[in-house]
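The values are calculated or read from the model by the stated rules, or taken from the named source; none is laboratory data. Predicted model only: the values in this text are computed from it and were never measured. Cβ placement follows ideal geometry from the backbone for every residue including glycine, while neighbour counts extend to all protein chains displayed. Only protein heavy atoms, including side chains, enter the accessible area calculation; ligands, DNA and RNA are left aside. Shrake-Rupley method; radii C 1.70, N 1.55, O 1.52, S 1.80 Å.
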Amino acid sequence: MAQEKKVALITGANRGIGYETAKQLGEQGITVVVAARSLSSAEETATKLKAAGIDAYGIQLDVTRAEDRVAAEKYLADKFGKLDILINNAGVNASTGFKNVTSQVEDEELLRVFNTNLFAVVALTRELLPLVKKSPAGRIVNLSSILGSLTLHADPNSPIANFKSFAYDGSKTALNQYTVHLAHELKDTPIKVNAAHPGWVKTEMGTDAAPMEIPDGARTSVELALLGPEGPSGRFIHMGSELPW
Ligand code: NAP
């Protein structure tokens, strides 16, 4: 039988926004399964959270590896019998940041970035959706970015107009489309699927130049993970406000 307490899986939970999201959800009394590329890193993360009084478990999950995704599903099914919250947080940046030139983007770079930021999210969600359906109120949060907004990129006066990094931005635009499509498929179920823009956050990806601290950077993911029955689905959200697609 499924456990009563809510269970959340957070990918890329060993550092940055993913770690903080796990911590904040754990502090709300939710069981957190912290996934990381290496088992040692996942276990270290879980130990750190447990020391803070959080019910945490570490699993190895490289989101791009099919065998890891299958093992994650089996672990969750055997241990909890359901999944209430899936946070698709793991992500990679373009290797050249904003210095790249759109017309020169290489296939290898596109494949690398899309593989983690889009294909792995679709595949992991496909694997875990049957378990999310066993939750009375499943929540799926896809970590997108304002840089995925076509509307803002197309506006020469928007704050992101000069921050163009096609491989990364395109992967998040496609992730936004996936969010809208999956929310539509699940519209007659209790499951809510949303895309989160965390803000520009001081992590390894965001760099020290970012204005937001990590605890604030996790707030949007946590808020979307804890949405009540009247909350939105199929939306692109930053700190409680909607962003244009
Ligand atoms: P980060 O500090 O660079 O952390 C990225 C996390 O993803 C790490 O735990 C990393 O694991 C993990 N990861 C990468 N590839 C993976 C894979 N194949 N399998 C499993 N885990 C993998 O990034 P962050 O700033 O916390 O970003 C979290 C999410 O927010 C990302 O999706 C990012 O695109 C999005 N976001 C961030 C910002 C920002 O300003 N920081 C802004 C908009 C959106 P390792 O430690 O093993 O590398």
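Of the lysine pairs in the range 6-104, how many meet both conditions: Cα atoms under 21 Å apart, and a spacing of 8 or more in sequence or different chains?
Close lysine pairs found across the range 6-104: 13.
Can you work out the PRE-style zone for T102? Point 7 Å along Cα to Cβ, and I want the residues of the range 162-190 with backbone N under 12 Å.
Output list for this probe position: 162-167, 169-170.
Which whole DSSP H helices in the chain pass both tests: a Cα extent of 24 Å or more along the axis and a mean Kyte-Doolittle value no lower than -0.5?
Details: long enough: 166-185 (28 Å, -0.48).
The qualifying helices are 166-185.
What nm value, rounded to one decimal, do you get for the distance between Q28 and E242 when each label is placed 7 Å out toward the C-beta?
Between Q28 and E242, the simple spin-label model gives 2.2 nm.
Using a 1.4 angstrom probe, figure out how much accessible area the range 71-110 has per residue, in square angstrom, rounded to the nearest whole.
Computed with neighbouring chains in place, this is 54 Å² per residue.
Find the relative contact order for the range 7-242 and round it to a whole percent, using C-alpha pairs within less than 8 Å whose residues are 6+ positions apart.
Once divided by the residue count of the range 7-242, the mean separation gives 19 percent.
Test of understanding: what is the full-extension gain from S95 to K74, defined as 0.36 nm times their sequence separation minus their Cα-Cα distance?
The span from S95 to K74 would gain 4.2 nm if fully extended.
Between A52 and R126, what length in nm is gained on full extension when 0.36 nm per residue of separation is reduced by their alpha carbon distance?
23.4 nm
What does the accessible area per residue of the range 133-208 come to in Å², with a 1.4 Å probe and no ligands, DNA or RNA counted? Before the final figure, lay out the partial values.
Working: 3530 Å² over 76 residues.
I get 46 Å² per residue for this part.
7 Å from Cα along Cα→Cβ at both E44 and E213: what's the point-to-point distance in nm?
Taking the simple label geometry, E44 and E213 are separated by 2.4 nm.
In debye, nearest 20, what is the charge dipole magnitude of the range 7-242 about its Cα centre with +1 on Lys and Arg Cβ and -1 on Asp and Glu Cβ, if you could check?
Details: 23 positive and 27 negative charges, 76 e Å.
Around 360 debye, computed over the range 7-242.
Return the carbon/sulfur percentage of the accessible area of the chain, one whole number, probe 1.4 Å, all protein chains in place.
Roughly 54 percent of what the probe reaches on the chain is carbon or sulfur.
Near K202, which aspartates and glutamates are there with a Cα under 17 Å away, not counting those fewer than 8 places off in the same chain?
Those aspartates and glutamates meeting the cut-off are E20, E213, D216.
Amide H neighbours of H238 under 5 Å, counting only residues 5+ apart in sequence or on other chains, H built in-plane at 1.01 Å?
Result for H238 returns H197, L243.
Taking the Cα centre of the range 28-138 as origin and charging only Cβ (+1 Lys, Arg; -1 Asp, Glu), how large is the dipole, in debye to the nearest 20?
About 380 debye.
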